[in-house]
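Here the structure is laid out as structure tokens; the discussion comes afterwards.
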There are 2 protein chains.
Amino acid sequence: MTDLSEALKSTAAAVTRQLDELLPQIGGPRGRVVEAMRYACLAGGKRLRPFLTVASARLFDVRDPRALRVAAAVEMIHCYSLVHDDLPAMDDSDLRRGQPTVHRKFDEATAILAGDGLLTEAFAILSEPATHKDPLIRGELTRGLAEAAGARGMVGGQQVDMSHERAELDLDGITELQRMKTGALIEFACEAGAILGGADTESRTALRAYARDLGLAFQIADDLLDVEASSEQAGKPTGRDAEAGKATFVGLMGQKRARIRAEELVDSACGHLDRFGDKADLLRHTAQFVVNRPS
Amino acid sequence: MTDLSEALKSTAAAVTRQLDELLPQIGGPRGRVVEAMRYACLAGGKRLRPFLTVASARLFDVRDPRALRVAAAVEMIHCYSLVHDDLPAMDDSDLRRGQPTVHRKFDEATAILAGDGLLTEAFAILSEPATHKDPLIRGELTRGLAEAAGARGMVGGQQVDMSHERAELDLDGITELQRMKTGALIEFACEAGAILGGADTESRTALRAYARDLGLAFQIADDLLDVEASSEQAGKPTGRDAEAGKATFVGLMGQKRARIRAEELVDSACGHLDRFGDKADLLRHTAQFVVNRPS
């Protein structure tokens with residue numbers, strides 16, 4: 001697991017450098033939105049999704065520098081979704097990663113625009129020749145990211161999360177919600193490595209299956225953190241789902257069963273990696289890490 | 001000009017059909033955001049931007065059905081920007097095209113998500129093989145749209161429009177603001193036709209120059225409508241820029257000089273079309289129409 005800590009740390013630093021390089025630098029009145037985009041992306045975070053892209057790409061001998069642009073685009077989409085989800089009209093959150101959210105640090109209009117800017121920038125990056133020499137691969141990446149982010153993915157998931165029906169979801173309903181809201185981007189983050197590496201269909205399917213189990217385990221662990229961790233540990237308000245009367249995995253299953261289910265999902269996720277042998281150890285350790293993380 | 005009216009009308013109908021076909025159809029709780037996306041796109045509008053794509057594509061013998069997917073993506077970006085610009089944190093508008101704005105018809109969270117969904121969907125469409133068989137052309141379209149929509153284009157323009165500095169902009173400042181906020185997408189709409197048609201650099205440059213003049217003329221005409229037309233004619237509140245103390249072309253130049261400047265820009269726009277001969281008559285008439293439109 002020390003190898004994983006090292007890898008997570010060094011990849012997170014590389015992703016931050018890549019984001020810093022790719023995000024626009026503009027002065028003047030319109031510079032405010034760029035400042036907010038940079039604040040949203042450069043203030044830290046685990047960088048789990050871009051790490052999954054880099055680690056998946058390594059399975060196909062894609063070197064890190066070639067995977068980092070795609071990884072940064074994935075992280076921009078993640079950060080855009082946090083900025084918009086935190087808005088007063090949505091989850092109305094004041095803190096994110098222990099810092100004021102974008103609309104608290106800047107203002108609401110700037111936060112909306114910064115999210116729009118990050119969403120757009122991610123597609124700009126994927127469409128540039130520097131991302132991959134083969135335009136077919138760039139196109140597949142663009143299409144995959146758009147599917148993960150759109151109405152059938154993250155946008156649809158957030159809509160369900162805000163809906164009247166949200167409180168009464170059963171386990172199947174929450175699982176579907178999670179798969180859209182957070183799972184879709186995690187699945188794309190993993191598959192992107194395979195796309196970059198020109199992997200065969202079987203490998204792509206295996207990586208998606210790994211990512212699907214991982215994403216669900218991640219969400220269950222998130223629910224567990226929400227009831228177990230203090231706000232300080234988590235770097236954001238905790239206990240809010242229960243307060244808001246939202247059905248959660250932990251609420252429906254209880255802490256003990258939820259913990260067991262998360263561990264089962266980790267085993268299942270790792271099983272999908274058999275075809276890759278030792279080469280996939282980093283992804284296996286990542287799955288373990290995801291359910292045992294402190295925040 | 002009768003030819004133009006006919007062409008505008010039939011293209012608008014074709015664009016609406018194309019949008020209807022391309023927009024997702026989903027039921028259940030997440031269906032609400034799709035309903036809002038459809039409401040934002042299918043409630044009418046002049047469809048000027050997609051018309052420019054179709055008309056520009058015709059210069060290079062690209063048949064309408066092949067241009068309509070790109071035209072629809074352009075219109076989705078236009079509609080997303082209207083939905084977000086109308087939000088309470090931005091322009092706080094209740095009416096758009098004579099109908100309640102998306103956040104008034106649905107709610108604020110749904111309006112934010114519907115905008116995000118439209119922005120994402122536009123990129124999904126451009127990246128699909130059905131848009132053009134050549135992945136290089138799909139990539140160029142994606143990149144061009146992202147540049148027009150991003151922090152250097154529409155997002156940056158809206159940020160300036162919301163800024164403290166907005167009230168004191170001089171003519172150069174307003175011209176730059178307009179070029180980002182509305183001009184960038186108009187330029188892309190025209191250039192997209194040339195990209196689809198595999199046009200040479202000179203033709204692309206000429207079309208962009210036409211679009212730049214047209215976009216500026218369009219904005220001046222918009223300012224003139226804002227002071228001259230009633231709210232009923234315009235289908236949205238008028239006189240709001242002056243009320244908000246925002247510098248406008250009309251405010252800085254006066255109505256008479258603004259009208260003359262708009263006409264000069266139309267002449268200049270048409271001049272850039274010389275190389276295309278009679279084939280560009282539709283685009284010439286469009287420029288005339290833009291400064292003489294009733295709403």
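Rule-based calculations on the coordinates, nothing more; no lab input. As the structure is a prediction and not an experimental result, all values here were calculated from the model. In this analysis, Cβ positions are derived from the backbone assuming ideal geometry, glycine residues included, and neighbour counts consider all displayed protein chains.
Note on chain A: dipole from Cβ charges, positive end direction compared against A:L19, A:V227, A:L113; the farthest Cα belongs to A:L19. Taking all Cα pairs closer than 8 Å and separated by 6 or more residues, the relative contact order of the stretch A:2-292 comes to 19 percent. For B:P100, inter-copy separations between label points set 7 Å beyond Cα along the Cβ vector come to 3.4 nm, shortest first. Rg over Rh for the stretch B:94-235 works out to 1.01, both radii taken from alpha-carbon positions and Rh defined as the Kirkwood radius. Per-residue ellipticity at 222 nm from helix content only, as computed over chain A with -39500 (n - 2.57) for each DSSP H run of at least four residues, stands at -22000 deg cm²/dmol.
Applying a DSSP loop filter and a limit of 11 other Cβ atoms within 10 Å to the trypsin sites (Lys or Arg not before Pro) in the stretch B:53-111 leaves B:R63. Using the Cβ-Cβ distance between A:K46 and B:D61 with R0 set to 41 Å, the FRET efficiency works out to roughly 0.20. When only the Cβ of Lys, Arg, Asp and Glu is charged (+1, +1, -1, -1), the dipole of chain B relative to its Cα centre reaches about 660 debye.
Relative to the other identical copies, A:D170 shows label-point distances of 6.9 nm, where the label point lies 7 Å from Cα along the Cβ direction and values run shortest first. Under the shape rule built on the C-alpha gyration tensor, where the axes satisfy a ≥ b ≥ c, the stretch B:116-189 is prolate, since a/c reaches at least 1.5 and a/b is greater than b/c. Which percent of the Cα-Cα distances in the stretch B:72-170 go past 19 Å? So the pairs more than 19 Å apart make up 49 percent of the total in the stretch B:72-170. How many angstrom separate the Cα center of the stretch A:150-223 from the Cα center of the stretch A:22-39? One Cα centre to the other: 30 Å.
In this simple spin-label model, placing a label point 7 Å from the Cα along the Cα-to-Cβ direction at both A:D92 and A:D170 gives a separation of 3.2 nm. Three principal axis extents describe the C-alpha atoms of the stretch B:2-292; from largest down they are 53, 49, 35 Å. Between copies, the label points at B:K279 (set 7 angstrom from Cα along Cα-to-Cβ) are spaced 5.0 nm, reported in nanometres from shortest to longest.
Computed on the protein assembly as shown, the Cα convex hull volume stands at 135 Å³ per residue.
Under a 5 Å amide H cut-off, with hydrogens placed 1.01 Å from N, B:R96 pairs with B:T101 among residues at least 5 apart or on other chains.
Across every pair of non-identical alpha carbons in the stretch B:77-125, the mean reciprocal distance, once inverted, gives a Kirkwood radius of 10.6 Å. Using all pairs of distinct alpha-carbon atoms, the Kirkwood hydrodynamic radius of the stretch A:1-109 works out to 14.8 angstrom. The ranking of A:D107, B:D226 by Cβ neighbour count inside 10 Å, starting from the fewest, reads A:D107, B:D226.
Per residue, the Cα convex hull of the stretch B:149-295 amounts to 112 Å³. Separation of the stretch A:249-281 and the stretch A:60-74, taken as the distance between their Cα centroids, equals 26 angstrom.
Sort A:M76, B:M253 so that the residue with the fewest other Cβ atoms within 10 Å of its own Cβ comes first and the one with the most comes last.
If I rank by nearby Cβ atoms, fewest first, I get B:M253, A:M76.
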